[in-house]
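Before any comments, here is the structure.
The values are calculated or read from the model by the stated rules, or taken from the named source; none is laboratory data. Everything numeric in this text was worked out from a predicted model, so none of it was measured. Neighbour counts are summed over all protein chains in view; Cβ atoms, including those assigned to glycine, are modelled from backbone coordinates with ideal geometry. For the accessible areas, the whole protein counts, side chains as well, though only heavy atoms, and no ligand, DNA or RNA atoms are used. Shrake-Rupley method; radii C 1.70, N 1.55, O 1.52, S 1.80 Å.
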Amino acid sequence: MKFWKLASAATALTMSTSVNAAIISVDWQSAGDNLITQDTDSGLEWLDLTVTNGVSLSEIYAQLDVGGTYEGWRYATRAEVAGLWDSFGGDSNYYNGLSTQNNGLFDAMAPFVGDTYVDGNYSSRTPGDYYSIWVTGDISPSGGHYSATAADTWYEPLYETHDFFKLSDLEANNITPDMGHALVREVTTVPVPAAVWLFGSGLIGLVGLARRKKA
């Protein structure tokens, strides 16, 4: 009886380990490229902003079709962008400009989804040094795409204690080199960390051993 209680507890721990891994980097086109950020809380995969850095709207739309580079992807809404920021630990009550509540959030996020200004203009800097602009699927009354901005500029003293997060910072009609497109798709499979598989295999082995001893 004690063994089965232990096994049940271990199984619960194994499941919680995989469920709590909210943010995972996975590959897109080749092994090790880590160009997708998977949010297991929302069930969405996000293509890194650096992939579409500076690509025009017309090019993106053309490649969303069957056979295109981005087949299976779609534009994320601003609400979905906010959900991703939340998964990284953000506070959605303050996605309207500078805030101390989200200080450090861009530093945590940029290595995953990309820092479009750094990648487009200052490759010698590291992700999180400046800002990323996300072109979303939400359309303004004038017909342009709303975009969102996440920033932590390296040269502004205020940004040492504040990060900037705004879901309707810009209306994107003409794409600039520091913009990336917020492309998402639904997760088809949720990868389980290797440590969890190893732990599960060991648990199965213990169950088999216990049955043989009982026999």
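Against the test of being open to solvent by less than 40 Å² (accessible area, probe 1.4 Å) and either more than 20 Å from Asp48 (Cα to Cα) or touching a residue at least 60 places away in the same chain (Cβ under 8 Å) (or both), the options Thr176, Thr161, Thr136, Thr149 yield a single qualifying residue, Thr136. Residues in the stretch 77-91 that are closer than 15 Å to Phe165 by Cβ and touching a strand residue (DSSP E or B) at 6+ places or on another chain (Cβ under 9 Å): Arg78, Ala79, Glu80, Val81, Ala82, Gly83, Leu84, Trp85, Ser87, Phe88, Gly90, Asp91.
Condition check for Gly89 on (1) in contact with a Ser or Thr (Cβ under 9 Å, 6 or more places away or on another chain); (2) surrounded by fewer than 16 Cβ atoms within 10 Å (Cβ to Cβ): one failure, at (1). Checked against (1) surrounded by 20 or more Cβ atoms within 10 Å (Cβ to Cβ); (2) in contact with a strand residue (DSSP E or B) (Cβ under 8 Å, 6 or more places away or on another chain); (3) not charged (D, E, K, R), Val118 meets all criteria but (2). Note on the stretch 146-175: residues that are part of a strand (DSSP E or B) and under 21 Å from Ser92 (Cα atoms) total 15.
Among the residues of the stretch 104-111, at least one is of a type in the set (Gly, Ala, Ser), within 12 Å of the chain's Cα centre (by Cα) and open to solvent by less than 60 Å² (accessible area, probe 1.4 Å).
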